[in-house]
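Engineer: First the structure, which I've put down as structure tokens, then a few questions once you've had a look.
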Amino acid sequence: MKYKIIYIFLMFTFLKTPAQELSNFGGAFVDIGFGARPAGLGNAYVGLANDVNCIVWNPAGISSIKTMQTAFTYTKLLGLVDYNYLAFSLPLKNNQGAGAALIVSGDAALREYTLNLGYSRQFLLDSLYIGFGLKFRYASFGNNSLNAGDYLLFESDEISEGLLNQVKGSAVGFGFDFGVIYSVNEKIKVGLMFRDIYSPLYWDSKVDNQAKKAKGKYSELIPFEPTIGTAFKVAEQIMVTTDYTSVVRKDVSDKLRTGLEVSLLKIISLRGGIQYFLNNEKDEKYSIGLGLNFGAGKARRMHLDYTFMMEEFANSQRISIGLEL
């Protein structure tokens, strides 16, 4: 309930502020960590990247998947924002693979769509994997309406004024990713992910109040993020992963993430992870997860994954269901 109150307050602050410059969404297309399994590993997945989630984490891993896979993940971030994530991968001839993932988030106030397309190929006797990713992005905002009866703290004329000054618009964009995974030996893998090497967004906004002016048309770049990751098979059923992300924006901290996965009887997986932001603030994120893997043989299997994320403002959950054919 308290988060809804905060949301309402911020929304009215946004509506009643002069519209100039208001269409600049600094938090647009945020990467919250997609897929319950990577989230269970503390989002340390760039070096492992061995299931359908690799399309968004490291496309180099697509060609290492020898079966057709699909997965759907749902989460409600901060108890407010719905995120739906659907991924699909397909093995191709000559040690190649392709995949696609669709991310849909938000509501009429701000809704975002991201389509990821990925391709990968193996080299050097299946030791080196190289992949590319292409993204298409679309967002719409300011299409929400208000019912005066739902907001007793505000007068009807205040709500009407807010709607009149509400900024509306959309954004389109694209982006490029590049990933590499190298198998040092049967136990150690090293991955590199260059996310959003070049990812421009083109915004357009307007306001119904003719006396006000929105920001209009402008463009910006989603920040480039390079990540190096490792995956170490400590034992046959124990995997440890680590990622380090160096960011280029001054207002964001570098990230160090690590995760542990323990498989029991090849059916149950227990996971845990932690994400550190390399700053002086106590904003670490912790995760615990459970996975179930059952079916007939290596193909025709179902995967159920659940992760509980402990975060600074509000805890969240990731729930995934996947098929392997």
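Read-outs throughout are calculated quantities, based only on the coordinates presented, and are distinct from any laboratory measurement. Keep in mind it's a predicted model, so treat the numbers as computed, not measured. Cβ coordinates were reconstructed from backbone atoms using ideal geometry, including for glycine residues, and neighbour counts include every protein chain displayed.
Engineer: So if a site counts as exposed when it's one of the trypsin sites (Lys or Arg not before Pro), its DSSP state isn't H, G, I, E or B, and it has at most 13 other Cβ atoms within 10 Å, what's the longest stretch of the chain without one? Numbers along the way, then the final one.
Structural biologist: On the way: sites that count: LYS66, LYS93, LYS187, LYS217, ARG249, LYS250, LYS266, LYS282, LYS298, ARG300.
It works out to 94-186.
Engineer: OK, next. Relative to the compact globular guide of 2.2 N^0.38 Å, what is the alpha carbon radius of gyration of the chain, as a ratio?
Structural biologist: Here the answer is 1.08, to two decimals.
Engineer: Let me ask something additional. Mind pulling the per residue volume of the convex hull built on the Cα atoms of the stretch 191-276? Å³ is fine. Each step should come with its number before you reach the end.
Structural biologist: Details: hull volume 14.2 nm³, N = 86.
For the stretch 191-276, the hull spanned by Cα atoms encloses 165 Å³ per residue.
Engineer: Please report how far the C-alpha centroid of the stretch 252-303 lies from that of the stretch 150-215, rounded to the nearest whole angstrom.
Structural biologist: Taking the Cα centre of each part, the stretch 252-303 and the stretch 150-215 sit 27 Å apart.
Engineer: If you don't mind, another one. Once the Cβ-Cβ distance between TYR74 and VAL252 is put in as r, and R0 is 25 Å, what FRET efficiency do you end up with, to the nearest 0.05? Let's see the in-between values first.
Structural biologist: Details: r = 26 Å, r/R0 = 1.06.
Using R0 = 25 Å, I get an efficiency of 0.40.
Engineer: Could you compute the net charge surrounding MET193? Neighbours are other residues with a C-beta less than 11 Å from the C-beta of MET193; K and R count +1, D and E count -1. Walk me through the numbers before you get to the answer.
Structural biologist: Details: positive: ARG195; negative: ASP177, ASP196, GLU225, ASP243.
Surrounding charge for MET193 is -3.
Engineer: Between LYS233 and LEU278, with labels modelled 7 Å along Cα→Cβ, what's the label distance in nm to one decimal, could you check?
Structural biologist: The two pseudo-label positions are separated by 3.0 nm.
Engineer: Quote to one decimal, in nm, the extra length available between ASN315 and LYS266 on full extension: 0.36 nm per residue of separation minus the C-alpha distance between them.
Structural biologist: Details: separation 49, 0.36 × 49 = 17.64 nm, distance 2.91 nm.
The span from ASN315 to LYS266 would gain 14.7 nm if fully extended.
Engineer: Distance cut-off 22 Å, Cα to Cα: go down the list LYS66/LYS266; LYS189/LYS285; LYS135/LYS206; LYS168/LYS213 and report the pairs above it. Show your work: numbers first, answer last.
Structural biologist: Details: LYS66/LYS266 18 Å; LYS189/LYS285 24 Å; LYS135/LYS206 26 Å; LYS168/LYS213 11 Å.
Exceeds cut-off: LYS189/LYS285; LYS135/LYS206.
Engineer: Per residue of the stretch 214-221, in order, report the coupling 6.51 cos²θ - 1.76 cosθ + 1.60 (Karplus, θ = phi - 60°) as ³J(HN,Hα) in whole Hz, putting x for Gly and Pro.
Structural biologist: These are the phi-based 3J(HN,Hα) values: 7, 5, x, 9, 6, 9, 8, 10 Hz.
Engineer: Note down the nm distance, to one decimal, between modelled labels 7 Å out along Cα→Cβ at LEU292 and at LYS187.
Structural biologist: That separation, rounded to one decimal, is 3.3 nm.
Engineer: Give me the extension gain from ASN209 to ASP126: residue separation times 0.36 nm, minus the current Cα-Cα distance, reported in nm with one decimal.
Structural biologist: Working: separation 83, 0.36 × 83 = 29.88 nm, distance 6.06 nm.
Net length gain for the segment: 23.8 nm.
Engineer: Then there's this: Quick one: net charge around GLN237, please, counting Lys, Arg +1 and Asp, Glu -1 for every other residue with C-beta under 11 Å from its C-beta. Please report the intermediate quantities before stating the final value.
Structural biologist: Working: positive: LYS233, LYS266; negative: GLU236, GLU261.
Result for the local shell: 0.
Engineer: At 222 nm, what value in deg cm²/dmol follows for the chain if DSSP H runs of at least 4 each add -39500 (n - 2.57) and the sum is divided by all its residues, to the nearest 500?
Structural biologist: Details: 4 runs with 33 residues, N = 325.
Counting only the DSSP helices, I get -3000 deg cm²/dmol.
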